[in-house]
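Structure first, commentary second.
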Amino acid sequence: MAKMSQSMNLSQQLRMTPQLQQAIKLLQLSRMELETAVRGELEENPILEETQEIKEEDFQRTKEAEREVEAPEAAPIDQQNPQKQDEFEWENYLETQSKPPPSGQSGSEEIMNYENVISAQQTLHDYLEWQARMAGFSDDELKIAELLIDYVDDDGYIQTPLEEIAASEKLPLQDLEDVLVFIQEFDPPGVAARNLRECLLLQAKAIEEDTNDLVFLINNHLKDLEKRNYEVIAKAMNRDVREVAELCKIIYTMDPKPGRAYAPADTQYVMPDVYVYKVGDVYMVSMNEDGLPRLKISNFYKNMLKASPQGGKTQEYIQDKLRSAVWLIKSIHQRQRTIYKVAESIVKQQREFLDKGSGYLRPMVLRNVADDIGMHESTVSRVTTAKYIHTPQGIFELKYFFNSGISTSDGESLASESVKMKIKDLVGKESVADPLSDQKIVELLEKDGIKIARRTVAKYRDMLKILPSSRRKKMY
């Protein structure tokens with residue numbers, strides 16, 4: 001006899017409230033962006049006031065305002081309790097994002113995966129590798145494609161001769177040439193060219209119309225194009241000068257450095273969010289509050305709220321602005337507290353770096369800090385972006401301290417950043433007449449107990465903007 005059973009699954013799902021959206025947004029902002037956002041709120045919200053110093057009565061006023069703010073009717077009791085907001089909204093919300101919504105709910109609006117909304121700048125190499133994976137290459141062709149992409153510089157060029165790559169990688173030259181043809185059809189147009197002429201020819205090829213005249217100009221009159229010698233070109237082509245000028249305009253719209261659209265942003269001066277200084281044998285962490293507006297609740301509007309008729313438009317307006325002000329102050333406090341906790345954990349785990357420098361950076365991943373401070377990895381990830389820490393070794397983005405590990409002969413791990421510094425040091429001490437090849441660097445690192453592939457050395461060398469040995473060699 002078939003057994004019939006009925007079951008009911010109950011699950012609590014956290015909603016992406018406007019307040020939570022604001023809190024997460026503030027956590028992601030850089031120091032400058034936060035200051036701009038707060039200035040904007042000060043202009044929009046009359047309940048908020050800026051003060052030079054937060055006094056005890058200002059703090060009490062904010063706490064009173066929290067109690068007076070009306071909570072949504074459907075909100076769970078925990079969400080109404082300001083004391084539990086940090087634990088409930090910030091941590092549990094992130095942990096539930098990977099869980100599917102209850103049956104019958106799409107989750108597309110109320111339980112939105114906020115991680116998917118956050119975007120990071122895509123590098124040129126990332127974009128090219130993605131295209132390579134989508135190109136239908138065989139496994140061997142894909143390996144060659146990824147190898148060639150590693151040689152593409154920030155401007156989008158492959159400066160190293162294919163013959164040198166073939167010899168270095170022990171691959172047939174023809175295989176490299178065959179795959180390169182396909183990579184040169186990738187976006188952005190002109191990428192993976194070996195010189196300016198080839199770069200412009202590739203872009204001319206991408207124009208879906210008759211390009212014979214453009215190809216002729218690029219192949220035969222590159223110098224005249226640079227000097228805008230339209231008369232010389234017109235005479236050689238037996239064409240009208242105005243017609244030639246129009247053709248040249250097309251070439252001038254081409255990008256001589258197609259990779260620069262994916263290059264990192266220009267270096268900017270940054271203000272550290274956190275200071276680390278040594279007192280005796282202890283490293284102290286201190287938040288940098290300089291320049292950040294100090295906010296308080298306006299007593300004038302708070303009194304007006306009490307005096308206005310219940311349910312009136314004035315009370316409704318002030319209540320709405322009061323709620324927004326309280327949440328902003330709480331969100332900023334949470335942001336600063338989270339940055340402090342992450343920075344404190346980094347300092348605890350990177351003591352050797354603080355004492356001795358980059359060569360002593362420990363391998364560390366997001367989970368190491370997340371487990372240490374009892375937060376979700378996603379929270380740690382947000383905190384480490386565009387936040388800077390001033391240490392005795394210099395100013396670094398918090399992300400700098402997160403490195404994968406490279407095995408050593410004694411069974412320990414060394415941070416990848418430390419290995420980069422060792423490569424930089426080796427190159428700095430080499431003979432300019434006989435520079436170190438990537439393979440020689442592998443051998444020298446192996447003597448120090450560091451096991452690393454030659455291709456990884458080449459990758460780190462490119463990241464350090466160090467040219468290949470053939471281009472570092474000087475005869476005098």
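Some points to look at:
- Spin-label model distance (nm) - residue 337 vs residue 35, 7 Å beyond Cα toward Cβ: 2.5
- Distance violations [Cα-Cα > 19 Å] among 356/420; 348/399; 387/459: 387/459
- Non-local Lys pairs in region 124-262, i.e. 8 or more apart or on different chains, that have alpha carbons under 29 Å apart: 16
- Rounded to the nearest 0.05, the FRET efficiency derived from the C-beta distance between residue 222 and residue 470 at R0 = 30 Å is 0.70.
- Scattering curve values for region 124-262, log₁₀ I(q)/I(0), Debye with Cα scatterers, q = 0.13 Å⁻¹: -0.61
- Each residue of region 406-472 gets 71 Å³ once the volume of the Cα convex hull is shared out per residue.
- The spacing between region 203-255 and region 429-476, judged by their C-alpha centroids, is 42 Å.
- Between residue 292 and residue 463, residue separation times 0.36 nm minus the direct Cα-Cα distance comes to 58.1 nm.
- Residue 238/residue 198 FRET efficiency (R0 35 Å; Cβ-Cβ; nearest 0.05): 0.85
- Our estimate of slack between residue 314 and residue 281, defined as 0.36 nm per intervening residue step minus the Cα-Cα distance, is 6.1 nm.
- Once the chain from residue 439 to residue 170 is taken as fully extended at 0.36 nm per residue, the excess over their C-alpha distance is 95.6 nm.
- Spin-label proximity, residue 150 to region 418-457 - amide N less than 17 Å from point 7 Å beyond Cα toward beta carbon: 419-420, 423-424, 437-446, 451-457
Readers should treat all values here as calculations from the given coordinates under stated rules, not as data from a laboratory. Being a predicted model, the structure only gives us computed values, none of them experimental. We place every Cβ from the backbone using ideal geometry, glycine too, and count neighbours over all the protein chains shown.
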